[in-house]
Amino acid sequence: MSRARLRKSAILAGAVVPVALLMAAGPGQAAIGSPRNSSGPAGLTKAMSATGESGEDNETQEILDRSAQYAAVRTAPAATVSSEAFRTARAQAAKLPSFGGTWRELTDLPYNSDAVNYRDPFWSNSSAGWGLVSGRMSALATDGALVYAGAGDGGVWRSTDKGQHWTPVSDNQTRLSVGAIAVNPADHSVWVGTGEANTAAENYAGDGIYRSADHGSTWQLVGNRINNSLVSHIEFDGRGHVFVATSRGLLQRSTLDPTGRWNTVLKPDPNETNSPYRGSWMSDVRVRPGSDGQDVIAALGWRGAAADQNLAYNGLYVSNQGGAAGTWRKANTVGIPGPMGRTSLDYAGDGSLYAVVEGPVTLSLKGVYRSVNGTAAGPWTLIASNETFANSPHHAPGIDPGNQTWYDQYVEVDPRDSAHVYVGLKEVYESSDAGKTWVTIGPYWNFGKDCHSLDPQQNTCPRTTHPDQHAATVGDDGTAYFGNDGGVYSRPAALRNVVKWTNLNATLHTLQYYYAGIGKQPGTNGDSIYGGLQDNGVSLLKPGAQQMVSPFGGDGGDVIVDPNNADRAVNEYVYLTMARTQNGGRSDGSRRVYTTITPTCASFIGIEYDPQPCDPNPRFIAPFEADPYNINHWVAGGQMIWDNMGKGWNTICTSDDCDWKPVHDLGAGAQTTSIAVTGKTLYAGWCGNGCNPGGSLPFISGLDTNYGGRWHRVTAANLPNRIPTGIYIDPADTGHVYVVYGAFSRRWIPGGGVGHVFESTNGGRSFTNISGNLPDVPANDVLVVDKKIVVGTDIGVFAAGRFAPGSWMRLGSHLPNASTNDLVLSPNQGYLVSATHGRGLWRLDLS
């Protein structure tokens, strides 16, 4: 088989959405994450060969699976949960005392995805051309010399020097998920809509619109809270009013009245069935230039076609009376064939209107259209299709430009040149003649191009942007800024038709971690830290380094690191696809330093073998762990529980021979959500029936163990029917175990039960709820450190005495309000690391 290049892509956004607005499969729709056949998940990204050729570049199933997974941890057994639940939990946390010093950021160094010494020819994306990267950026705005960037779950960042340096300005807000940023020209105030609206996996719903009159130093809630909403765009009409396109309809209010409530002025779909797909999802709103604020156009465009969704409501709506309620009518968009899905709009200075339209049935690009007269009725002219972009100069070989238009899309017209248009899909496209011709100015990557080589001396390709585009804006000085899954990039708007970028990610620290691992770095007195990331591979932070590097590309998942030798690590791509390295991932591109050892049925994502038996149903990010008292003993979980039989870094897995042995089967439709091992004793948390809240089968979860010598299901009646997210086994007594659960209690979620932290001293025959005064919020991991039980949650880290459980305190101070997805203790037990999903890695010294 030819050498394969994987884009371990990570966009997951799919059919589900945000944490407070998570959507499940509608009636008659296949449940996300439902049982698959033995061939594994279908429709995933195919491997790209060394020549750059690839099969169908379809990441949709990956995106759907990750979306469902991240969402279900926060809502199951329900499909939704109110954002009020998070706000209440933060209020509970604020009342608790704190102890334990100050958290210190570890990932405040640049993260280089193109490090020349980390170019494994199969597992690394180094030399793709992305340069320094950060986490997903969903919103951009400029105000003179100021630039504002909004992260998926990393808050608002401000720059005073065109993005060369960034400062976080919203860390203490209740929501760090940003959907839109806008500057009011009337007074230069900054407005931020919380709740990222690109339907990605990690979208937390927002709780309102915030305004800052001092460039982000302080923030005030505008009007009443807007719970459970995602915000796509904020638009000022120049007459003292502001419109907000949300997942709950189009809102309007005065910009002058600080106490006035938001008025819902457009919500066409009556949603008789109360479907989560039919909330009148407004994907954009624009005021027509020159109309004195009278002509307003809004797009209703939920991206999917649920079985119970009436797509007749999707489309463009027009008001010629200032956007007041009752003045809206649905436009007959001549030239745009229906139905319309997610749609982005922008006006040009000459009055013409541009639209990027997704097809809600295909979930891919329907087309880019232009209305010369600037009306919603048109007539609209198709100015670009998927084929147009695929055949444009500089386009990356083998990449399908528009098959994720529900996730990555925008159109931005240069305010100084009405014929100069940017379109963002997977790549960035530019037209200088109002859409007659297009050039790919931000290729997906450089792999497969004639100019590309893994040898840096032979690689003549120019640097490009990270893929998966979400936002763009052009500043008054003519600088154009672009946000994507890898951060922020810029270029002069006067620059045309060439691939040439300024990377602005050196001080933008919004990385989205799932897991982390720590080991002593040979030849030094320090530790190295690995971490798996959303769409940014695996980061490696070495002691004394000036930059982090990425030895492993795409989506990074779980991590095992030898605590005594950090050169030995196991990293994960999606669906339990594991690969091990024994030299820290260092390669000049001429040899592979990662060995694939996955037991999953993974040939569909380019792995060279398909072991038999193999796991048919692992989660998108699947858990695996090393025995803390035998670093060579590993266990992993999919539908089956796998044991490597103590082979450690000699572990192999091929079609002919695999050291991973299945020791337990959770059953069809079940997936391991957490796993722990000490000696011969294993515990595995799981969810079943497809793990999809709101699907055709009821959501179920549980805990299995082999404590006592045989595998059996724990039957303790007080354990909640929610996802078990973390397990800790007492090394002195394997019958003594702690388990933590995601989502919320029955106060917020019917059937959610009570409690987040449970303790058993008899191998799971019975459990005690020791949650006590812990805030009612999703818990993600649990450790016992120095006689203290430590729990990482969506709102921070908490600790309670092991011998006085139930009395919880906040652990440490100055940790940003981002979800702690993983907790890791250093090899010398001198410090703790919090892996956050949106604000990177943070360290707390324990002595």
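Details
- Qualifying residue in segment 282-289 (condition: surrounded by fewer than 20 Cβ atoms within 10 Å (Cβ to Cβ) and either more than 22 Å from Gly223 (Cβ to Cβ) or not β-branched (Val, Ile, Thr) (or both)): yes
- Looking only at segment 103-112, residues that are more than 20 Å from Thr502 (Cβ to Cβ) and either assigned to a strand (DSSP E or B) or among the charged types (D, E, K, R) (or both) come to 3 in all.
- Filtered residues of segment 113-160 (kept if of a type outside the set (A, V, I, L, M, F, W, C), assigned to a strand (DSSP E or B) and surrounded by fewer than 24 Cβ atoms within 10 Å (Cβ to Cβ)): Thr142, Asp143, Arg158, Ser159
- Of everything in segment 768-826 that is aromatic (Phe, Trp, Tyr) and crowded, with 22+ Cβ neighbours inside 10 Å, the residue that is nearest to the chain's Cα centre (by Cα) is Phe798.
- Residues of segment 373-389 that are among the aliphatic types (A, V, I, L, M) and crowded, with 17+ Cβ neighbours inside 10 Å: Ala376, Ile383, Ala384.
- Of all residues in segment 541-552, those that are farther than 19 Å from Gly135 by Cα have Cβ atoms under 7 Å from Cβ atoms of residues that are open to solvent by 20 Å² or more (accessible area, probe 1.4 Å) and charged (D, E, K, R), 6 or more apart or on another chain, in Pro543/Asp527.
- For segment 528-542, the count of residues that are crowded, with 24+ Cβ neighbours inside 10 Å, touching a Leu at 6+ places or on another chain (Cβ under 9 Å), farther than 16 Å from Arg586 by Cα and of a type in the set (S, T, N, Q) is at least one.
- Residue check for Pro339: free of Cβ contacts under 8 Å to residues at least 60 places away in the same chain and crowded, with 18+ Cβ neighbours inside 10 Å: yes
- Some residue of segment 575-588 being under 16 Å from Asn112 (Cβ atoms), modelled with pLDDT under 95 and either polar (S, T, N, Q) or surrounded by fewer than 24 Cβ atoms within 10 Å (Cβ to Cβ) (or both): yes
- Any chance Gly100 is open to solvent by 30 Å² or more (accessible area, probe 1.4 Å), more than 16 Å from Tyr530 (Cα to Cα), touching a strand residue (DSSP E or B) at 6+ places or on another chain (Cβ under 6 Å) and assigned to a strand (DSSP E or B): yes
- Residue within segment 633-644 that is closer than 22 Å to Gly553 by Cβ, in contact with a strand residue (DSSP E or B) (Cβ under 7 Å, 6 or more places away or on another chain), touching a residue at least 24 places away in the same chain (Cβ under 8 Å) and among the polar types (S, T, N, Q) present: no
- When the test is whether a residue is touching a residue at least 24 places away in the same chain (Cβ under 8 Å), open to solvent by less than 30 Å² (accessible area, probe 1.4 Å) and polar (S, T, N, Q), Asn446 passes it.
- Pick from segment 645-667, criterion of a type in the set (Gly, Ala, Ser) and open to solvent by 20 Å² or more (accessible area, probe 1.4 Å), ranking: modelled with the lowest pLDDT: Ser655
- Within this structure, Gly223 fails the test of being assigned to a strand (DSSP E or B), small (Gly, Ala, Ser) and either within 19 Å of Asn817 (Cβ to Cβ) or open to solvent by 10 Å² or more (accessible area, probe 1.4 Å) (or both).
- Whichever residue in segment 459-506 is of a type in the set (Ser, Thr, Tyr), in a loop (DSSP other than H, G, I, E, B) and in contact with a strand residue (DSSP E or B) (Cβ under 8 Å, 6 or more places away or on another chain) and, among such residues, is nearest to Ala348 (Cα to Cα): Thr465
- Here segment 668-695 is the region considered, the condition is being of a type outside the set (Lys, Arg) and part of a loop (DSSP other than H, G, I, E, B), and the residue that is most open to solvent (accessible area, probe 1.4 Å) is Ala668.
- Consider segment 161-173 and keep the residues that are in a loop (DSSP other than H, G, I, E, B) and polar (S, T, N, Q). The one that is farthest from Gly216 (Cα to Cα) is Gln164.
- Residues in segment 240-258 include none that are touching an Asp or Glu at 6+ places or on another chain (Cβ under 9 Å), part of a loop (DSSP other than H, G, I, E, B) and basic (Lys, Arg).
Yes or no, residue by residue, for (1) free of Cβ contacts under 8 Å to residues at least 12 places away in the same chain; (2) out of contact with any strand residue (DSSP E or B) (no Cβ under 8 Å at 6 or more places or on another chain); (3) surrounded by fewer than 20 Cβ atoms within 10 Å (Cβ to Cβ):
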{"site": "Ser229", "(1), (2), (3)": "no, no, no"}
{"site": "Ser232", "(1), (2), (3)": "no, no, no"}
{"site": "Phe236", "(1), (2), (3)": "no, no, yes"}
{"site": "Phe243", "(1), (2), (3)": "no, no, no"}
{"site": "Gly249", "(1), (2), (3)": "no, no, no"}
{"site": "Thr259", "(1), (2), (3)": "no, yes, yes"}
{"site": "Val296", "(1), (2), (3)": "no, no, no"}
{"site": "Gly301", "(1), (2), (3)": "no, no, no"}
{"site": "Ala312", "(1), (2), (3)": "no, yes, yes"}
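- Options Thr343, Thr327, Thr333: the member that is under 19 Å from Arg253 (Cβ atoms) and at pLDDT 95 or above: Thr327
- The set of residues from segment 190-218 being assigned to a loop (DSSP other than H, G, I, E, B), crowded, with 19+ Cβ neighbours inside 10 Å and on the phi < 0 side of the Ramachandran plot comprises Ala197, Asn198, Ala200, Ala201, Glu202, Asn203, Tyr204.
- Residues that are touching a residue at least 40 places away in the same chain (Cβ under 8 Å) and open to solvent by 30 Å² or more (accessible area, probe 1.4 Å) within segment 716-742 comprise Asn718, Leu719, Asn721, Tyr728, Pro731, Thr734, listed in sequence order.
The values are calculated or read from the model by the stated rules, or taken from the named source; none is laboratory data. Computed from a predicted model, the values in this text were never measured in an experiment. All Cβ positions, even for glycine, are placed from backbone atoms using ideal geometry, and neighbour counts span all protein chains on display. Side chains included, ligands, DNA and RNA excluded: accessible areas come from the protein's heavy atoms. Shrake-Rupley method; radii C 1.70, N 1.55, O 1.52, S 1.80 Å.
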